[in-house]
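Novice: What follows is a structure written as structure tokens; I'll ask about it next.
The values are calculated or read from the model by the stated rules, or taken from the named source; none is laboratory data. Please read these numbers as outputs of a predicted model, since none were measured by experiment. When we count neighbours, we look across all protein chains shown, and the Cβ atoms used for this are built from the backbone with ideal geometry, even at glycine. Just the protein is used for accessible areas: all its heavy atoms, side chains included, with ligands, DNA and RNA removed. Shrake-Rupley method; radii C 1.70, N 1.55, O 1.52, S 1.80 Å.
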Amino acid sequence: MEKWYLMTIVVLIGLTVRWTVSLNSYSGAGKPPMFGDYEAQRHWQEITFNLPVKQWYFNSSDNNLQYWGLDYPPLTAYHSLLCAYVAKFINPDWIALHTSRGYESQAHKLFMRTTVLIADLLIYIPAVVLYCCCLKDISTKKKIANALCILLYPGLILIDYGHFQYNSVSLGFALWGVLGVSCDWDLLGSLAFCLAINYKQMELYHSLPFFCFLLGKCFKKGLKGKGFVLLVKLACTVVASFVLCWLPFFTEREQTLQVLRRLFPVDRGLFEDKVANIWCSFNVFLKIRDILPRHIQLIMSFCFTFLSLLPACIKLTLQPSSKGFRLTLVSCALSFFLFSFQVHEKSILLVSLPVCLVLSEIPFMSTWFLLVSTFSLLPLLLKDELLMPSVVTTMAFFIACVTSFSIFEKTSEEELQLKSFSISVRKYLPCFTFLSRMIQYLFLISVITMVLLTLMTVTLDPPQKLPDLFSVLVCFVSCLNFLFFLVYFNIIIMWDSKSGRNQKKIS
Amino acid sequence: MDVGPRLKAWKPRSNHQMVVCIHHSTDFEVHRNWLAITHSLPISQWYYEATSEWTLDYPPFFAWFEYILSHVAKYFDQEMLNVRNLNYSSSRTLLFQRFSVIFMDVLFVYAVHECCKCIDGKKVGKELTEKPKFILSVLLLWNFGLLIVDHIHFQYNGFLFGLMLLSIARLFQKRHMEGAFFFAVLLHFKHIYLYVAPAYGVYLLRSYCFTANKPDGSIRWNSFSFVRVISLGLVVFLVSALSLGPFLALNQLPQVFSRLFPFKRGLCHAYWAPNFWALYNALDKVLSVIGLKLKFLDPNNIPKASMTSGLVQQFQHTVLPSVTPLTTLICTLIAILPSIFCLWFKPQGPRGFLRCLTLCALSSFMFGWHVHEKAILLAILPMSLLSVQKAGDASIFLILTTTGHYSLFPLLFTAPELPIKILLMLLFTIYSISSLKTLFRKEKPLFNWMETFYLLGLGPLEVCCEFVFPFTSWKVKYPFLPLLLTSVYCAVGITYAWFKLYVSVLIDPPVGKTKKQ
């Protein structure tokens, strides 16, 4: 593409912001005995390097599962093993069995941060660049601006380079999957997505839209001919990739079961800590976690999740389209986040990624959502002393979006893709003309509330009787926002008629 | 200008808050010490205080500036204002110091805004990012050298350069008195700007005090305006009186000057600034090595202290004649003279002044005594204004700025800073080269093959010095080798840029039409 140098500049800006954030503190820094996610990742390098594969997921004297036991699928373990080999080359003390617990040093921090950067550079960033280059119907400048906004999204940067995780690997693979499937490279796309699932099991939030989209494609091609062939090929790809990843664990039934038990801890309850989903917010008023028995909780969350995502998935199966696929990814992941079992606040990133993908089509709502998603991580970021990076990156992201997409000019009904919906509503309620203004007011209220809550959380001390007041408020406000977005995205999906697709895109 | 471009160009500055958390250099201690001195001691002690090795060696206005800052500092951390607290650095101290730099940069942003107003530039394209104003604002605000020196290494160059750019902008806008005033104030903030004072002096004399020219552009002696000369002199005198007056009253002027101009330091800094003397030193070393090998020199005659041992002291050259401060002064004056003559005999208005200013700064950098490599910024920033208007200037600017910025790399030597300096350098270099190439795409290419080769050679040089060298055996025997290589390689580029700029200034035809000033 022309202006490749602008894209290079955008990538360099993204990398600079990432590395600057990584100079800050990480999760659990200097906090024995458990430390945090950083220590967990270091511990997994220690375990995978020193112990044989058979013992990785089992409790033993060498591998105490209570101290950061492995609870991600095998691909994470292999990645940790790879990092461990490099660590051994530089300084074996970092991964020495037992003695390296709680190891903290400048050099080690540099090493860990570099592993995140390299993983990001190899997997996530190329996916973003390629995705933006493949966007249709928009100018080169808009593509580059889109890439800049996606790469500046604060949530992923702060969690990966601040708190310390490797979300960019699983999200990157998922993005490769989306790319492949949208460009009709279905086998490669599904292979990439299987790798994503095998890296972090939370990617299952995205699995239903992938399934429905591919199924819809097979139906379209005709189930008696090409469609069936495609279906079989896809099934084989999926099975083959799973077998390849889980090969060492398929030797014994007990191995497979133990890994599954570690990946899906159903005994841990409806939710843990504070998270911006329905159950945690509901718990404020009615302590359902304590009232209802465990299996009822499971069934309830299962029903709610599937009921909320069913309409969009059915529509995707019947009318598979690239745009519908991405929107369904958003609504599905959001449904899972809001209603599912044992959700962590970092899982909002699984919703943020698809939202980034529709940034160029619905800039206003996407920017709003991405701001709220970063805000919902506030309690976690404050615990890791990442206030300043989060404020700065959020401001940079906001300014980038405002100048790239002029989001405040794109708040008309048509721009928000709500035209067909409001026309339908106006058949029954002729006075329903205030939708666009209402949304603008809601945005204003939402932003003011977020800013106020941030200021309060940072400057004030919570009252003695309610020590978690601010985190609960943050979760509650974020949850309300997310519910609104769930309704909005489902409306767009359901009312996205054929006439909508014939309209010229305004760039 | 509408909000959009200003917003776009201003946006990057907000990233600076994040570089707050990197290690701190000695400059923190220097400025902390000065805060302490100005806060706790009376004026009569300011230039005598020597508890710390970092004595006050900037002119009085800067000392007053630190005094004002110290009154804000006491709300952050009272302990930093104690003169005895050597090397005191709490997180609040660092935070305060970082934020003070960011806050003072507001003046720099304003000055950049004023400079952009002076650029008319041709209408290349309708797009905002291709307008010369936008490119200039990014080149100035995002300047790699300024970012590194001010926000990572810690100095207050941002607002000082803001003052300089503001005075230049005022001269462009024909508000000469204000320009002179700002420059006089600037001189009393940091006396390094004396390097460019001749340009100011000659320009103001020639183009402001002589109000008109003859039709062929030469001087019209009877248009000399006494009023203007006197008013200029008054401005400079008043500013100097305000600054030096208290110390004159205390009879401390000699002490102040001895602090401001410490000639006891050596010809070169511990790390050689990439100027003519770096090449001179390198040549001397090469000749001495060859001389030893070929037995022309007696090993006993070679002085023990090696020039590259990192100690800042007086030393002798072995083969070539030694250099004294007087020699460097004479060389600098000889180097400046042709450009001054050009400014006098063929005045070309503010643009001619700007070129002369850049040449003065660059010549002083090339031949000055104990030049710090940060001084290259004095030439790079004014040259940015020239680069967006002519293709020839753009190509010289790119060579100067790329090599000048690369020569700042040894200032940041810790591992966490390595990705940052490489990323920022790449960002600035790629942006400057591509935007200027796009701006001047209708003219001949900016670089010939030799220049391209030279610039590309910076990449392998960096890889060798930072990644390969530490793992070789030479690290123990010749620890100074990367610094030497960097310095010499950059000196070649900077000398070349200086030469090219001089040639273009001397060859440029004089402006034919007269301009009533």
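Novice: Give the number of residues within the range B:39-68 that are assigned to a loop (DSSP other than H, G, I, E, B), within 22 Å of B:Thr26 (Cβ to Cβ) and free of Cβ contacts under 8 Å to residues at least 60 places away in the same chain.
Specialist: Count: 7.
Novice: Out of all the residues in the range A:382-439, which are outside any helix (DSSP H, G or I) and either under 30 Å from A:Asp461 (Cβ atoms) or facing another protein chain (nearest Cβ under 10 Å) (or both)?
Specialist: Kept after step one, since they are outside any helix (DSSP H, G or I), are these residues of the range A:382-439: A:384-386, A:406, A:410-418, A:429-434.
Correct list: A:Asp384, A:Glu385, A:Leu386, A:Ser406.
Novice: Determine which member of the set B:Phe453, B:Phe447 is among the aromatic types (Phe, Trp, Tyr), more than 24 Å from the chain's Cα centre (by Cα), away from every other protein chain (no Cβ under 14 Å) and part of a loop (DSSP other than H, G, I, E, B). Outline the logic, then answer.
Specialist: Numbers: B:Phe453 fails: part of a loop (DSSP other than H, G, I, E, B).
One residue alone meets the criteria, B:Phe447.
Novice: Only one residue in A:Ile125, A:Ile118, A:Ile144 is in a helix (DSSP H, G or I), open to solvent by 30 Å² or more (accessible area, probe 1.4 Å), within 14 Å of chain B (Cβ to nearest Cβ) and modelled with pLDDT of 90 or more, so which one is that?
Specialist: Working: A:Ile125 fails: open to solvent by 30 Å² or more (accessible area, probe 1.4 Å); A:Ile144 fails: open to solvent by 30 Å² or more (accessible area, probe 1.4 Å).
Result of the check over A:Ile125, A:Ile118, A:Ile144: A:Ile118.
Novice: Would you point out the residue of the range A:7-43, among those that are open to solvent by less than 10 Å² (accessible area, probe 1.4 Å) and aromatic (Phe, Trp, Tyr), that is farthest from A:Ser80 (Cα to Cα)?
Specialist: A:Trp19
Novice: Filtering the range B:375-433 down to residues that are in a helix (DSSP H, G or I) and among the charged types (D, E, K, R), which residue is nearest to A:Ile9 (Cα to Cα)?
Specialist: Looking only at the range B:375-433, we keep the residues that are in a helix (DSSP H, G or I), and these are B:375-387, B:391-406, B:409-411, B:417-433.
This time we only want the ones that are among the charged types (D, E, K, R), so: B:393, B:417, B:421.
Details: B:Asp393: 24, B:Glu417: 19, B:Lys421: 15 Å.
Step by step, filter the range B:375-433, then rank; the result is B:Lys421.
Novice: Continuing with the same structure: Here is a list: A:Phe282, A:Phe306. Which entry is within 22 Å of the chain's Cα centre (by Cα), free of Cβ contacts under 8 Å to residues at least 40 places away in the same chain and open to solvent by 60 Å² or more (accessible area, probe 1.4 Å)?
Specialist: Values: A:Phe282 fails: within 22 Å of the chain's Cα centre (by Cα).
Exactly one residue qualifies, and that residue is A:Phe306.
Novice: Among the residues of the range A:9-39, how many are touching a Gly at 6+ places or on another chain (Cβ under 8 Å) and more than 14 Å from chain B (Cβ to nearest Cβ)? Outline the logic, then answer.
Specialist: Step one: list which residues in the range A:9-39 are touching a Gly at 6+ places or on another chain (Cβ under 8 Å), which gives A:21-22, A:24-29, A:32-39.
Still in the list and also more than 14 Å from chain B (Cβ to nearest Cβ): A:27-28, A:32-39.
The qualifying residues number 10.
Novice: OK, next. Have a look at B:Ser89, B:Ser44, B:Ser25 and point out the one that is open to solvent by 10 Å² or more (accessible area, probe 1.4 Å), at pLDDT 85 or above and more than 14 Å from chain A (Cβ to nearest Cβ).
Specialist: Details: B:Ser89 fails: at pLDDT 85 or above; B:Ser25 fails: at pLDDT 85 or above.
Only one candidate passes the filter, namely B:Ser44.
Novice: So, B:Gly266, is that one at pLDDT below 70 and touching a Leu at 6+ places or on another chain (Cβ under 9 Å) or not? Show your work before the answer.
Specialist: Details: at pLDDT below 70: yes; touching a Leu at 6+ places or on another chain (Cβ under 9 Å): yes.
Against the criterion (at pLDDT below 70 and touching a Leu at 6+ places or on another chain (Cβ under 9 Å)), B:Gly266 qualifies.
Novice: A further question follows. Only residues that are among the basic types (Lys, Arg) and in contact with a strand residue (DSSP E or B) (Cβ under 7 Å, 6 or more places away or on another chain): list them for the range B:317-367, please. Outline the logic, then answer.
Specialist: The first filter runs over the range B:317-367 and keeps only residues among the basic types (Lys, Arg), leaving B:346, B:351, B:355.
Correct list: empty.
Novice: Still on this structure: Only one of these is assigned to a loop (DSSP other than H, G, I, E, B), free of Cβ contacts under 8 Å to residues at least 40 places away in the same chain and open to solvent by less than 70 Å² (accessible area, probe 1.4 Å): A:Pro462, A:Pro467. Name it. First the steps, then the outcome.
Specialist: Details: A:Pro467 fails: open to solvent by less than 70 Å² (accessible area, probe 1.4 Å).
Exactly one of A:Pro462, A:Pro467 is assigned to a loop (DSSP other than H, G, I, E, B), free of Cβ contacts under 8 Å to residues at least 40 places away in the same chain and open to solvent by less than 70 Å² (accessible area, probe 1.4 Å), namely A:Pro462.
Novice: Name every residue in the range A:87-113 that is aliphatic (A, V, I, L, M) and either surrounded by 15 or more Cβ atoms within 10 Å (Cβ to Cβ) or within 14 Å of chain B (Cβ to nearest Cβ) (or both), in order of residue number. Give the steps one after another, and end with the answer.
Specialist: Residues of the range A:87-113 that are aliphatic (A, V, I, L, M), as a first pass: A:87, A:90, A:95-97, A:107, A:110, A:112.
Result: A:Ala87, A:Ile90, A:Ile95, A:Ala96, A:Ala107, A:Leu110, A:Met112.
Novice: Please work out which one of (1) polar (S, T, N, Q); (2) in a loop (DSSP other than H, G, I, E, B); (3) buried (at least 16 other Cβ atoms within 10 Å of the Cβ); (4) away from chain B (no Cβ under 14 Å) is the condition A:Asn64 fails and give its number.
Specialist: Against the list (1) polar (S, T, N, Q); (2) in a loop (DSSP other than H, G, I, E, B); (3) buried (at least 16 other Cβ atoms within 10 Å of the Cβ); (4) away from chain B (no Cβ under 14 Å), A:Asn64 comes up short only on (3).
Novice: If you go through the range B:65-74 one residue at a time, do you hit one that is at pLDDT 80 or above, aromatic (Phe, Trp, Tyr) and surrounded by fewer than 20 Cβ atoms within 10 Å (Cβ to Cβ)? Spell out how you get there, then give the answer.
Specialist: Restricting attention to the range B:65-74, the residues satisfying the condition of being at pLDDT 80 or above are B:65-74.
Narrowing the set further to residues that are aromatic (Phe, Trp, Tyr) leaves B:65, B:67.
With the extra rule that they be surrounded by fewer than 20 Cβ atoms within 10 Å (Cβ to Cβ), the set shrinks to B:65, B:67.
Yes, there is a match, as at least one residue in the range B:65-74 is at pLDDT 80 or above, aromatic (Phe, Trp, Tyr) and surrounded by fewer than 20 Cβ atoms within 10 Å (Cβ to Cβ).
Novice: Any idea which of (1) at pLDDT 90 or above; (2) more than 14 Å from chain B (Cβ to nearest Cβ); (3) open to solvent by 10 Å² or more (accessible area, probe 1.4 Å); (4) assigned to a helix (DSSP H, G or I) is the one A:Lys54 doesn't satisfy?
Specialist: (1)
Novice: Name the one entry in B:Ser487, B:Ser435, B:Ser473 that is over 22 Å from the mean Cα position of the chain (by Cα) and buried (at least 19 other Cβ atoms within 10 Å of the Cβ). Quick ask: steps written out before the conclusion?
Specialist: Values: B:Ser487 fails: over 22 Å from the mean Cα position of the chain (by Cα); B:Ser473 fails: buried (at least 19 other Cβ atoms within 10 Å of the Cβ).
When all the criteria are applied, what remains is B:Ser435.
Novice: Could I ask something else about it? If you scan the range A:439-457, which residues turn out to be farther than 20 Å from A:Phe489 by Cβ, of a type in the set (Val, Ile, Thr) and surrounded by 12 or more Cβ atoms within 10 Å (Cβ to Cβ)?
Specialist: Across the range A:439-457, the qualifying residues are A:Thr449, A:Thr454, A:Thr457.
Novice: Another question, if that's okay. Residues to consider are B:Phe365, B:Phe341; find the one that is of a type in the set (Phe, Trp, Tyr), assigned to a helix (DSSP H, G or I), surrounded by fewer than 23 Cβ atoms within 10 Å (Cβ to Cβ) and more than 14 Å from chain A (Cβ to nearest Cβ). Outline the logic, then answer.
Specialist: Numbers: B:Phe365 fails: surrounded by fewer than 23 Cβ atoms within 10 Å (Cβ to Cβ).
After ruling out the rest, the residue left standing is B:Phe341.
Novice: If only one of A:Leu377, A:Leu338, A:Leu370, A:Leu386 is modelled with pLDDT of 95 or more, crowded, with 24+ Cβ neighbours inside 10 Å and aliphatic (A, V, I, L, M), which one is it?
Specialist: Numbers: A:Leu377 fails: modelled with pLDDT of 95 or more; A:Leu338 fails: modelled with pLDDT of 95 or more; A:Leu386 fails: modelled with pLDDT of 95 or more.
After ruling out the rest, the residue left standing is A:Leu370.
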